[in-house]
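Notes follow once the structure below has been shown.
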Amino acid sequence: MNDAPGVIVQARQLGKQVASPGGTLTILADIDLTIAAGESVAIIGVSGSGKSTLLGLLAGLDLPTSGEVHLAGAALNSLDEDGRAAIRAGRVGFVFQSFQLLPGLTALENVMLPLELAGIEKAAELAAGRLAEVGLSERLHHYPRQLSGGEQQRVAIARAFACRPQILFADEPTGNLDQQTGAQIIELLFRLNREHAATLVLVTHDPAIADHCGRCLTLAAGRFTGEARRELD
Amino acid sequence: MSLINAAFTALKRDWRAGELRLIALATVLAVAALSSVGLFTDRVSRAIEAQATELLAADLVLESTNPITDDLLQRAQASGLDRTRSVSFRSMALAGERLELAEVKAVEAGYPLRGQLRTSSELFGAEQVATTVPGRGTVWVDARLMQALDINVGDTVKLGDIDFRLARIITYEPDRGGELFNIAPRVLINLADLNATGLIAPGSRAEFRLLLGGATEAIAAFREQVEADKSRGLKIQGIRDARPELRRALERAEQFLGLSVIVAVALCGLAIAMASRRFTLRHYDTCAMLRCLGASQRHITGLFTLQMLVLAALFSGLGAALGFLGQTGLTSLLQGMTARALPVPSAWPLLSAILAGIVAVTGFSLPQLWRLREVSPLRVLRRDLAPAPAASRIVFMAAIATLAFLTPWQSGNLKLTLYMFFGLLGTAAALAAGALTGIRVCARLRAGTGIAWRYGLANVARRAESSVAQVLAIGLGVTALLLLTLVRSDLLESWQDRLAPGTPNYFLINIQPDDVAALEGFLRERAATNTELYPMVRARLTQLNGRTLNPDDYTDARAKRLATREFNLSWASRLQDDNAIIAGSWWPKEPDGATYFSVEEEIGKDLGMALNDRLTYSVAGREITGTVRNIRSVDWDTFNVNFFVSANPGALDGLPATWITSFYLPSERRSMLIDVVRNFPSVTIIDVAALIEQVRAIMEQVSRTVEFVFGFTLLAGLVVLFATLQNTHDERRLEAAVLRSLGAGRGAILKSLAAEFLALGLIAGLLAALGATTISWLLARFVFDLPFALNGLLWLLGPLSCTLVVLGTGIAGTRHVLHVPPMVALRNA
């Protein structure tokens, strides 16, 4: 399969089934999706609709039971776990609901991680710059436990953008934050996404957040049930 | 009944879930260690106690360094006691060109009065109970001597002036049974042949014994009679005081092994405490649900306590079974050293180990489990509601109390327990402080490293508490093993190195006055040595400044011994080269008819002798009194003949004396010794090198048993390591998933794990090397008074072995994170 120019994620006939005591459970079925570079896409749906599973498959964190995914020009099905990790290194950024900062490392060291994994030089300098972008220049040597929830998510965003990734996957980025802090984080996330001209794939159950995206896909019971597009400013 | 059922069900469920495996493993290990050592020491001590009469071969033994008088024999006869005499001494046994120092015992009919003497007619042949003693002109010897001399039944063995025919092989000798360490092989001859050998002359070093048997009352009455008459200088041994030195040695060994085991138990306890912390955390939800469904706090406590007790009992039983196997291993390590087969193991050490296992599990796990009763039923709605974790103060106190309860159980001695206990706590605290410093240094070093090292070192620092536990657990075991292997041989070598080349390696003792001139000439001619022969007289110090010497006046054990035993007095016209006068002056040039003594400074200090004190010695029934004219220092390391107390020439004239000398003989001239024995049959040759070799062999066997015990400590350390790894299991899984989602490959994660465990192992190894070096310095400086030499090998082997162990176990215990799917990072919200 040849990727069309400008396409960064392509999924065809994607399906995911898991074995359960009651028989095989279908989590995702017949997902076809093409995301162009620079697009911002929200995947919206209720709990259990398969949003996070889809995100994991698109990012190569998991393999589909059927169908295939191409990420940044690579067919993920044909790669082993280390091969997929190598594709992610330097190209893909993540923002998780529960921040997932490594507790033993300082803010700076957390942001340095993806830079070093991608083999980028001057990691410390670059990481300090990213933390300045999210307004945390004063917190470089703090450990996650010494930071508030909002600050931790800022570190996570700085980490996500550290390598100037081609694509950013965000999984309920405000799920663990209060409303006001959540709004600030969303504002920061979208601002940086615009500045870095990255593709954004965001999973949320909050339509207000989805409204920030150029395209909104609704997922219900493992299938796409709707798509909306809007012109972004 | 329902609670018991519930506990069993819960136990089964938690076992299947793998929650209890480490607690079970730690219990098995602790009980195996306790029971193997317990069974072993029990068997050895019962071997000694059970046959106390047999150990004496009589009901009462009177021992003297002078021949048993006829008067004493008649009194024993008058009291209606069975009696028989024996004389024991060391002498050279000669067969063809082969020589061996042997323990000769001359016995007469009736020996042994208690127990059995067993012999066989061929090596490893069928055993028979002896009804007689060796006939005139024959010897019975043990297998060791036959091997050493390469002789068989019917061959000739020369003792002193007489050629004996080897008649039978001794397989079991009752009054030798308790000797754990037999230095020289045994030769049994008939007492009637003794004089003809010419081996015993006045002043010869020998033990004369009168063995007595009879009714308990008659024995007691006779004992009282003899005790009242102190002038005879008799050593009395009854059943109760059989082999006191052996009992003391055994008691010490028992205490030492018991306390070494406590180190292993303490580490197992640490593992149990850690594993039960995780167990508790993972049961918050279950307890919340149970509470929600109406279970009372009492029910919760009862359920988990019962579950732990059943687990403890089951696995303590398994541990005891393994301990039973372990003690067979321990016993076989001592093979050849024990003179007799040990009695079969008894049940008590097993039961007590099982009980101790249950106490340990309870003491180390309950403070954690107790928190489960505090779990709020509201947790089913709000998962963040968790009880405060068990206060570390309470956990710590409970651990100390448990150990404090178990320690005296092992040592049976309160004072020693306290010393050991606080010594152990101190060592652990010092190690912990060292570990913490190492961990801090690691944390600083990580700034300049790559991703794997940075993440690995960061983990060491972040989990400082469990890192300290890991370092402590592994470091302690390796310290002990380094001490037992490298440091032990270092000390022995350092002592041997200290001996200058040409240091005398042979002693000749029991040289009779008539042989002195001839032997001097012989040695000059044949050994090319110009060695001096020194006279000596066996004497007992009876009075100091007119006051009768009482051993009870001295608190020091050595002084007590010196005050009771006979020692050798010599005389000399000039001061020996390796002696120096530190107070007073040498004798006047012209004899003034007075008796003077020259006293070695250490014995002078011990017995409280000062310049100008008047000493009275009893020698063969005569009293010699003289004045201390000088105090001198002696360089004992020269291995030259030296004396604690010397008199001026003439002062000891007319007393029974033998001569002694020491000299260096290169090994190629060793054959000359055979001519010494041929020409001077009464002379006894002592081979220093062979003695050192025997001592070394015994040390080696004993330290192997201790190594065995410390093997448990090392295993316990590994269990602690696993317990800490298990506690970080969930964290590690999540972190690995996050790293993978950020693009880290398996290699990068493996490297970071390796970095973490390398650092931990290195810290533990450096601390172990430091600990072993410090202890060896303390031993060299304060105990053995030897020059301290730093052993570089400690600093190589310590870190290397610790690193390998920690790295291997660490990777084995965490390798699962390499296969964590990165999706876990998304799922674990």
### Task
Would you be able to say whether some residue in region A:105-117 is outside any helix (DSSP H, G or I) and more than 9 Å from chain B (Cβ to nearest Cβ)?
no
### Query
Residues B:Gly80, B:Gly115: which one is on the phi > 0 side of the Ramachandran plot and modelled with pLDDT under 85?
B:Gly115
### Query
Do you know which residues across region B:514-566 are among the acidic types (Asp, Glu) and within 21 Å of B:Ala647 (Cα to Cα)?
B:Glu532, B:Glu566
### Message
Looking at region B:814-829 only, could you name the residues that are out of contact with any Ser or Thr (no Cβ under 8 Å at 6 or more places or on another chain), part of a loop (DSSP other than H, G, I, E, B) and facing chain A (nearest Cβ under 9 Å)?
### Response
B:Pro821
### Task
Would you mention how many residues in region B:458-471 are more than 9 Å from chain A (Cβ to nearest Cβ) and either in contact (Cβ under 8 Å) with a residue 12 or more places away in the chain or aromatic (Phe, Trp, Tyr) (or both)?
7
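Run down A:His205, A:His196, A:His212 and say which single residue is under 19 Å from B:Leu826 (Cβ atoms) and over 14 Å from the mean Cα position of the chain (by Cα).
On inspection, the qualifying residue turns out to be A:His205.
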### Message
So, A:Gly90, is that one farther than 19 Å from A:Glu172 by Cα, crowded, with 23+ Cβ neighbours inside 10 Å and at the interface with chain B (Cβ under 8 Å from one of its Cβ atoms) or not?
### Response
no
### Task
With the condition kept exactly as written, say whether any residue in region B:568-575 is of a type in the set (A, V, I, L, M), farther than 25 Å from B:Thr684 by Cα and not in a loop (DSSP other than H, G, I, E, B).
no
### Message
Of the residues B:Gly765, B:Gly771, only one is in contact with a Pro (Cβ under 7 Å, 6 or more places away or on another chain) and in contact (Cβ under 8 Å) with a residue 60 or more places away in the chain; which?
### Response
B:Gly765
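When only residues in region B:779-795 that are closer than 25 Å to B:Ala435 by Cα and surrounded by 12 or more Cβ atoms within 10 Å (Cβ to Cβ) count, which is modelled with the highest pLDDT?
The qualifying residue modelled with the highest pLDDT is B:Trp795.
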### Task
With the condition kept exactly as written, say whether any residue in region A:128-143 is more than 21 Å from A:Gln184 (Cβ to Cβ), within 14 Å of another protein chain (Cβ to nearest Cβ), touching a residue at least 60 places away in the same chain (Cβ under 8 Å) and touching a helix residue (DSSP H, G or I) at 6+ places or on another chain (Cβ under 7 Å).
no
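With respect to B:Leu385, determine if the residue is assigned by TED's automatic domain parsing to the domain that holds B:Leu318 and assigned to a helix (DSSP H, G or I).
No, not satisfied.
Results for (1) crowded, with 20+ Cβ neighbours inside 10 Å; (2) in a helix (DSSP H, G or I), shown as yes or no for each residue.
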residue: A:Leu177; (1), (2): yes, no
residue: A:Glu187; (1), (2): no, yes
residue: A:Phe190; (1), (2): no, yes
residue: A:Asn193; (1), (2): yes, yes
residue: A:Val203; (1), (2): yes, no
residue: A:Ile209; (1), (2): yes, yes
residue: A:Leu219; (1), (2): yes, no
residue: A:Thr225; (1), (2): no, no
residue: A:Ala228; (1), (2): no, no
#### Entry: Selection within region B:713-737 - at the interface with chain A (Cβ under 7 Å from one of its Cβ atoms) and in contact with a Lys or Arg (Cβ under 8 Å, 6 or more places away or on another chain)
none
### Query
Does region B:113-126 contain any residue that is in contact with a helix residue (DSSP H, G or I) (Cβ under 7 Å, 6 or more places away or on another chain) and either among the hydroxyl-bearing types (Ser, Thr, Tyr) or under 19 Å from B:Leu199 (Cβ atoms) (or both)?
no
### Query
In region B:641-674, which residues are touching a Ser or Thr at 6+ places or on another chain (Cβ under 8 Å) and not hydrophobic (A, V, I, L, M, F, W, C)?
B:Ser646, B:Asn648, B:Pro649, B:Thr658, B:Thr661, B:Ser662, B:Tyr664
### Message
I'd like to check something: does region B:70-85 contain any residue that is in contact with an Asp or Glu (Cβ under 7 Å, 6 or more places away or on another chain), closer than 30 Å to B:Arg223 by Cβ and not assigned by TED's automatic domain parsing to the domain that holds B:Ala321?
### Response
yes
#### Entry: Subset of region B:738-755 (residues that are within 8 Å of chain A (Cβ to nearest Cβ) and part of a helix (DSSP H, G or I))
B:Val738, B:Leu739, B:Arg740, B:Ser741, B:Arg746, B:Gly747, B:Ala748
### Query
Looking at region B:427-446, is at least one residue within 24 Å of the chain's Cα centre (by Cα), at pLDDT below 85 and more than 14 Å from every other protein chain (Cβ to nearest Cβ)?
yes
### Identity of the residue in region B:785-813, among the aliphatic types (A, V, I, L, M), in a helix (DSSP H, G or I) and free of Cβ contacts under 8 Å to residues at least 24 places away in the same chain, that ends up nearest to B:Ser466 (Cα to Cα)
B:Ala812
### Message
Between a residue in region B:538-560 that is surrounded by fewer than 16 Cβ atoms within 10 Å (Cβ to Cβ) and any residue that is among the β-branched types (Val, Ile, Thr) and at pLDDT below 80, which pairs come within a Cβ distance under 8 Å, given they are 6 or more apart or on different chains?
### Response
B:Pro551/B:Thr564
### Query
If you scan region B:572-601, which residues turn out to be exposed (fewer than 14 other Cβ atoms within 10 Å of the Cβ) and either over 13 Å from B:Pro649 (Cβ atoms) or in contact with a strand residue (DSSP E or B) (Cβ under 6 Å, 6 or more places away or on another chain) (or both)?
B:Asp577, B:Ala580, B:Ile582, B:Ser585
#### Entry: Hits in region A:50-71 - residues which are surrounded by fewer than 21 Cβ atoms within 10 Å (Cβ to Cβ) and without any contact (Cβ under 8 Å) to a residue 40 or more places away in the chain
A:Leu63
### Query
Can you find even one residue in region B:498-510 that is at pLDDT below 85 and part of a helix (DSSP H, G or I)?
yes
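Provide a single number: the residues in region A:56-81 that are part of a helix (DSSP H, G or I) and either of a type in the set (Val, Ile, Thr) or more than 11 Å from chain B (Cβ to nearest Cβ) (or both).
Counting residues in region A:56-81 that are part of a helix (DSSP H, G or I) and either of a type in the set (Val, Ile, Thr) or more than 11 Å from chain B (Cβ to nearest Cβ) (or both) gives 4.
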### Message
Show me the strands (runs of 3 or more DSSP E) entirely contained within region B:608-725 in which 2 or more residues are modelled with pLDDT under 85 and surrounded by 17 or more Cβ atoms within 10 Å (Cβ to Cβ).
### Response
B:684-687
### Message
Restricting to region B:783-812, count the residues that are over 14 Å from B:Leu766 (Cα atoms) and not hydrophobic (A, V, I, L, M, F, W, C).
### Response
5
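Yes/no matrix, rows are residues, columns are (1) surrounded by 17 or more Cβ atoms within 10 Å (Cβ to Cβ); (2) modelled with pLDDT of 85 or more; (3) within 34 Å of the chain's Cα centre (by Cα):
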{"position": "B:Ser231", "(1), (2), (3)": "no, no, no"}
{"position": "B:Ile236", "(1), (2), (3)": "no, no, yes"}
{"position": "B:Ala242", "(1), (2), (3)": "yes, no, yes"}
{"position": "B:Ile262", "(1), (2), (3)": "yes, no, yes"}
{"position": "B:Leu270", "(1), (2), (3)": "yes, yes, yes"}
{"position": "B:Thr280", "(1), (2), (3)": "yes, yes, no"}
{"position": "B:Cys287", "(1), (2), (3)": "yes, yes, no"}
{"position": "B:Ala295", "(1), (2), (3)": "yes, no, no"}
{"position": "B:Met308", "(1), (2), (3)": "yes, yes, no"}
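The values are calculated or read from the model by the stated rules, or taken from the named source; none is laboratory data. Treat the numbers as computed from the prediction; the structure is a model and nothing was measured. Heads up, the Cβs are rebuilt from the backbone with ideal geometry, glycines too, and the neighbour counts pull from every protein chain shown.
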